[in-house]
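Undergrad: After the structure tokens below, expect a handful of questions from me.
Just so it is clear, none of the values below were taken in a lab; they were calculated from the coordinates. Given the structure is predicted, the values throughout are model-derived calculations rather than measurements. Note that each Cβ is placed from the backbone with ideal geometry, even for glycine, and that neighbours are counted across all protein chains shown.
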């Protein structure tokens, strides 16, 4: 059963940025699709579809390897 994870990435400004992040995330085991909605210079939503759950630290490490950072999730209290 596929699972979808959505998060934001800061600092991407162009198509090459999107390509680097997409390549790193696609290399994670089980990832079947990556979609990035580029917000140049802002916080871009990224949706990853995978065969199963992905660890947050694996996602963060892949995005970091591409040279960007996952936006910390805000807690809703």
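Undergrad: Restricting to the range 40-60, name every residue that is within 13 Å of residue 71 (Cβ to Cβ) and touching a residue at least 24 places away in the same chain (Cβ under 8 Å).
TA: The initial filter retains those residues of the range 40-60 that are within 13 Å of residue 71 (Cβ to Cβ), namely 42-46, 56, 59-60.
Within the range 40-60, 42, 43, 44, 45, 46, 59 meet the criteria.
Undergrad: Taking the residues in the range 36-48 that are under 18 Å from residue 60 (Cβ atoms) and surrounded by fewer than 16 Cβ atoms within 10 Å (Cβ to Cβ) as candidates, determine which candidate is farthest from the chain's Cα centre (by Cα).
TA: Step one: list which residues in the range 36-48 are under 18 Å from residue 60 (Cβ atoms), which gives 36, 43-48.
Those still in the list that are surrounded by fewer than 16 Cβ atoms within 10 Å (Cβ to Cβ) too: 43, 45, 47.
On the way: 43: 11, 45: 8, 47: 6 Å.
Looking at residues that are under 18 Å from residue 60 (Cβ atoms) and surrounded by fewer than 16 Cβ atoms within 10 Å (Cβ to Cβ), I get 43.
Undergrad: So, of the residues in the range 2-35 that are free of Cβ contacts under 8 Å to residues at least 24 places away in the same chain and loosely packed, with under 15 Cβ neighbours inside 10 Å, which turns out to be nearest to residue 54 (Cα to Cα)?
TA: Looking at residues that are free of Cβ contacts under 8 Å to residues at least 24 places away in the same chain and loosely packed, with under 15 Cβ neighbours inside 10 Å, I get 29.
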